[in-house]
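Structure, as structure tokens:
Every number here is computed from the coordinates shown, using simple stated rules; none is lab data. Given the structure is predicted, the values throughout are model-derived calculations rather than measurements. Glycine also receives a Cβ, built like all others from the backbone with ideal geometry; neighbour counts cover every protein chain displayed.
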Amino acid sequence: MPVAQEQLDQAFHALANPTRRAVLERLGKGPASVSELAAPFDMALASFLQHLQVLEQSGLIATEKRGRVRTARMRPTNLKRAARWLAAQRDVWEQRLDQLDAYAETLKKHDDEAT
């Protein structure tokens, strides 16, 4: 599997979970410590760290440890790649729907002319 496809798959896997999406939303406001990110969630820290690991492995975030504090920050490259893929898919489907609409209009004109 090409590297770009694998990165896209990992990004969508990471985005499939509401906890991870919430973490990304928070990191959109700026870097945060792991304890700050974990605070709103009712789960064990070990479970929360697994979510951060998925986000980091997908390339959506980066973490850095300074002293006793681990800080996470957003890495938008793979998120942008996923957004571009979704936009391309939307364009394809909009084009297909436009073609279907044009075909339906053609059928309607032919039907109107026949009556």
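Sorting Val92, Val34, Val23 on the 10 Å Cβ count, fewest up front, what's the list? Present the calculation step by step, with values, prior to reporting the outcome.
Values: Val92 10, Val34 18, Val23 27.
The order, fewest Cβ neighbours first, is Val92, Val34, Val23.
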Per the Kirkwood treatment, what hydrodynamic radius in Å, one decimal, follows for the chain from the mean inverse distance over all distinct Cα pairs? 16.9
Would you mind counting up the charge near Lys29? Only other residues with Cβ under 12 Å from its Cβ, with Lys and Arg at +1 and Asp and Glu at -1. 0
Options Ser47, Ala72, Leu24, ranked by Cα towards positive dipole end of region 3-83, top entry (Cβ charges): Ala72
What is the helix-to-structure angle for 18-27, meaning the angle in degrees between its Cα long axis and the longest Cα principal axis of the chain, kept from 0 to 90 and rounded to the nearest 10? 70
Quick one: if you stick a label point 7 Å off each Cα along the C-beta vector at Ala44 and Ala22, how many nm between them? 1.9
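Fewest to most neighbouring Cβ within 10 Å: what's the order for Ser33, Ser47, Ser58?
Numbers: Ser33 15, Ser47 11, Ser58 22.
Fewest-to-most Cβ neighbours within 10 Å comes out as Ser47, Ser33, Ser58.
Counting Lys +1, Arg +1, Asp -1, Glu -1, what net charge surrounds Arg84 among other residues with beta carbon under 14 Å of its beta carbon? Don't skip to the answer; put the middle values down first.
Details: positive: Lys80, Arg81, Arg90; negative: Asp91.
The answer is +2.
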With 10 angstrom as the radius, rank Met74, Met43 by how many other C-beta atoms surround their C-beta, starting from the fewest. Met43, Met74
